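Trainee: One structure, as structure tokens, below. Some questions next.
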Amino acid sequence: MKVGVVGCGGRMGQLLCAQIKKAEEELVGGTEIEGSPLIGTRLGDGIVYDHIRDLYLKADVVVDFSVPQVSVDNAKVAAELGKALVIGTTGLSAEQQQVIQECSQKAPIVFAPNMSLGVSLLMNLVQKAAEILDEDYDIEIVEMHHRYKKDAPSGTALAFGKAAAAGRKVSLEKAAKLGRMGTNNPRQTGEIGFASLRGGDVAGDHTIVFAGEGERVELTHKASSRLVFAKGAVRAIKWIYGKPAGLYSMQDVLFS
């Protein structure tokens, strides 16, 4: 299988390239922003391009952990060419996610805010816990990431929120409480609260709290290295190859 990496010179890009080679897949090149000194240099069995279309013409599957607008633009090219795409980018707006949904009608796309296998498993546990523990148990989601992360709450935290909302059979948009401040702001029954912490080099910590009277259930995932995301992405790359057009999640990758 021929694989290309968007943003191959970044921290995640370099990890992805290393894991693709370790998995003995054919790395046929990558992309970097225009003006990067990496443009034109050798990468695997190809080179580093400054245009995604050039990479798609070489690759069977492209993996993208870049920034929202770049991922949207890449999805449009994937749809045009009918090529597979794996997106691990976070921070996409509702409108940008809708564009990716539309592109998936013409190309197979795995889109997941977190490709850790442990997180994917925990998503199922959170939904099940929310089904079993009724509204007597308040749900709060606490996440922490490194100081450079731009979006908050994290895409993974929001995905946990959606899993909890699905378990409660409610809309996350209506139940979400994105932070708390002020002196007259009591918690409302049925809210799903979020708290975001930023600092240091934390790769990603998430805790989903079910707080009841007299007891508290906490489900936690801690990522000590971005390597877990790269390994999950390689698994998604192998799974998506040859699949029909559609929008897939890591739940599909692991459990279907």
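Where a number appears in this text, it was derived from the coordinates with a stated rule and is not lab data. This is a predicted model, so every value here is computed, not measured. Cβ placement follows ideal geometry from the backbone for every residue including glycine, while neighbour counts extend to all protein chains displayed.
Trainee: Sticking with the crude label model, points 7 Å out along Cα→Cβ, report the distance from residue 245 to residue 218 in nm, one decimal please.
Mentor: The modelled label-to-label distance comes out at 4.7 nm.
Trainee: In region 158-245, which GluC sites (Glu not before Pro) fall in coil by DSSP and have 11 or fewer other Cβ atoms within 10 Å?
Mentor: Hits after loop and neighbour filter: 213.
Trainee: While we're on this one: Can you give me the relative contact order of region 1-110 as a percent, contacts being Cα pairs under 8 Å and 6 or more apart?
Mentor: Averaging sequence separation for qualifying contacts and normalising by length gives 23 percent for region 1-110.
Trainee: Would you mind calculating the relative contact order of region 88-167 from Cα pairs under 8 angstrom and at least 6 residues apart, reporting the percent as a whole number?
Mentor: Relative contact order, region 88-167: 45 percent.
Trainee: From the phi angles alone, apply the Karplus equation (6.51, -1.76, 1.60; θ = phi - 60°) to region 22-39 and give each ³J(HN,Hα) in whole Hz, x where the residue is Gly or Pro.
Mentor: Each residue's phi maps through the Karplus curve to give 4, 7, 6, 8, 8, 7, 9, x, x, 10, 9, 5, 4, x, 5, x, 7, 4 Hz.
Trainee: Okay, next question. Grab the Cα-Cα distance for residue 147 and residue 201, subtract it from 0.36 nm times how many residues apart they are, and report the gain in nm with one decimal.
Mentor: 18.8 nm
Trainee: Okay, moving on. Give the cross-link partners of residue 83 among the aspartates and glutamates, using a straight C-alpha distance below 20 Å as the criterion and excluding same-chain residues fewer than 8 apart.
Mentor: Once the sequence-local aspartates and glutamates are set aside, what remains near residue 83 is 25, 26, 32, 45, 50, 54, 60, 64, 73, 102, 252.
Trainee: OK, next. In percent, what relative contact order does region 126-184 have, based on Cα pairs under 8 Å that are 6 or more apart in sequence?
Mentor: Computed value for region 126-184: 46 percent relative contact order.
Trainee: Quickly estimate the mean residue ellipticity at 222 nm for the chain, helices only: each DSSP H run with n ≥ 4 gives -39500 (n - 2.57), and the total goes over all residues, rounded to 500.
Mentor: Computed mean residue ellipticity for the chain: -11000 deg cm²/dmol.
Trainee: How far apart, in nanometres, would the label points at residue 41 and residue 54 be if each is projected 7 angstrom from Cα along the Cα-to-Cβ direction?
Mentor: 1.5 nm
Trainee: Quick check: from the Cα gyration tensor, does region 90-241 come out rounded (a/c under 1.5), prolate or oblate?
Mentor: Here region 90-241 falls in the prolate category.
Trainee: In this model, which of 174/238; 58/238; 149/231 are farther than 26 Å apart at the alpha-carbon?
Mentor: 174/238
Trainee: Cα gyration tensor of region 29-85, axes a ≥ b ≥ c as square roots of the eigenvalues: rounded (a/c below 1.5), prolate (a/b > b/c) or oblate?
Mentor: Because a/c hits 1.5 or more and a/b fails to exceed b/c, region 29-85 counts as oblate.
Trainee: Now for a separate question. So which GluC sites (Glu not before Pro) in region 23-106 end up in coil per DSSP with only 14 or fewer other C-beta atoms within 10 Å?
Mentor: 24, 34
Trainee: Between residue 211 and residue 117, what's the calculated FRET efficiency when r is the beta-carbon distance and R0 is 41 Å? Round to 0.05.
Mentor: That pair, residue 211 with residue 117, gives E of 0.90.
Trainee: Ok, one more. At 0.36 nm per residue, and after removing the present C-alpha to C-alpha distance, how many nm does the segment from residue 189 to residue 24 gain when stretched out fully?
Mentor: Gain in length upon complete extension: 54.3 nm.
Trainee: Trypsin sites (Lys or Arg not before Pro), restricted to region 169-256: which are DSSP loop and have at most 10 other Cβ atoms within 10 Å?
Mentor: 169
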